[in-house]
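Here the structure is laid out as structure tokens; the discussion comes afterwards.
The values are calculated or read from the model by the stated rules, or taken from the named source; none is laboratory data. Worth saying up front: this structure is predicted, and the values here are computed from it rather than measured. SASA here: full protein model, heavy atoms, side chains in, ligands and nucleic acids out. Shrake-Rupley method; radii C 1.70, N 1.55, O 1.52, S 1.80 Å.
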Amino acid sequence: MPPFEEYIQEIADIWESRRLSNAGPKHQLLEEKLREVLGTRGVTLFTNGHQALEAALSLFPPGGEVITTPFTFASTTLAIIRCGLIPRFCDIEPENYTLDPERIEDLIGPKTVAILPVHVYGHVCGHKAIRAVADRHGLRVIYDAAHAFGVTENGVSVGQQGDISMFSFHATKAFHTIEGGCLAFQDESLARRFEAWRNFGIYGCEISELVGPNAKMSEFQAAMGLCNLRHLDEQIALRKDAALCYQELLGGRQGIVLNVGQPGVTSNYAYYPVRFREDEWGESRDQVMERLAAHGIGARKYFYPLTSAFPIFDGTAVDETPIAAGVAEEILCLPMYAGLSRDEVTRICETILKR
Ligand SMILES: Cc1ncc(COP(=O)(O)O)c(C=O)c1O
């Protein structure tokens, strides 16, 4: 959280403006600042990332198919379904756990309308190869960049990849607005549609043909974003310290798989995912998690199960993505936040290593 006094100062003029919601001055300023940070012509704020994703997917007529990853949070897959679209699950790359561009083309059919990859844990997708496939087939690419705010590749924000990117500003993210999210895009003509969609389909005083929810961000959320944006670099630097400490203490051990970065990519250190390979480590991921829990350390099976294993599906799609299924069995996200101290990381690692 930002310093308490800073937030109080930021919200003080809301008492002057009496504007609490509906794209007030704080909201407008945050959109402007995010356009600068992300380097996109358009940024539209929403009350959360999930609603933002649904707004992007509302561009497609119901019944279309969307090629996506099952190794993600529920939101990605459920947004597709809630928009009346059909997810077609594609396997992931074994190193970064992102959608495997080599496998997309086999899943494209006459009903395919879009590709929805996820920059999972802030790992950058193979966007050039994905763009090439999309262009060959006239498809739109919408990134779920929920985890990737602050991530750049060769100095360029990931928000500039694809047609539209969705960022989550949930309280658990490297940058947050308590709850919140945005769509970033270069085609400015989309802004009007997204602004109408988040306001019941109403744009200004005009009623449109859109059937939208109420997905507007309040001035208090936007004020939190304005404060947190000032501290983004220091927050990421603190997370990086914790990540380097984990790497030093857990690296080079048989059966423990760490992600050590991608060339040209500046990470936001949003998560610290570790894979425990039972055959080499001698213990399953669940056993490690239980030992950590017994010591009061909260690690998360993020993501398990695959979204294709959710009860809304018949379960057969899980077998079509064997790499994703294997990673979901082994993955554990260790505690990660700005200010996680070296002593705490040491205690976590010692608990893992003392089998
Ligand atoms: C991959 C992914 N997509 C979408 C979302 C939804 O974002 P929000 O919680 O802001 O609605 C999340 C949330 O954590 C996420 O992890």
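How many percent of the accessible area of the chain is carbon or sulfur, using a 1.4 Å probe?
Values: 8090 of 15670 Å².
The nonpolar share, carbon plus sulfur, comes to 52 percent.
Identify which of C83, C125, C182 has the largest mean-square fluctuation in a Gaussian network model of the chain, with springs joining Cα atoms closer than 10 Å. In the Gaussian network model the winner is C83. Cross-link partners for K301 among the lysines, with Cα-Cα distance under 29 Å and sequence neighbours closer than 8 places in the same chain left out: K173, K240, K354. The convex hull drawn around the Cα atoms of the chain, when projected onto a plane and averaged over every direction, covers 18.4 nm².
Filter the chain for me: DSSP H helices, axial length by Cα at least 24 angstrom, mean Kyte-Doolittle hydropathy not below -1.0. List them by residue number. Mind showing how you got there, number by number?
Details: long enough: 232-250 (27 Å, 0.04).
Within the chain the helices that satisfy the rule are 232-250.
Potential lengthening of the chain between D286 and Q186 amounts to 31.7 nm, from the contour at 0.36 nm per residue minus the alpha-carbon distance. Only bridges with both residues in the chain count here: give the DSSP antiparallel percent, nearest 5. Here the antiparallel bridges make up roughly 65 percent for the chain. Taking 26 Å as the straight-line reach from the Cα of K111, the lysines in range (excluding those fewer than 8 positions away in the same chain) are K128. Within the listed set Y272, Y203, Y143, the Gaussian network model of the chain (springs between alpha-carbon atoms below 10 Å) gives the highest mean-square fluctuation for Y203.
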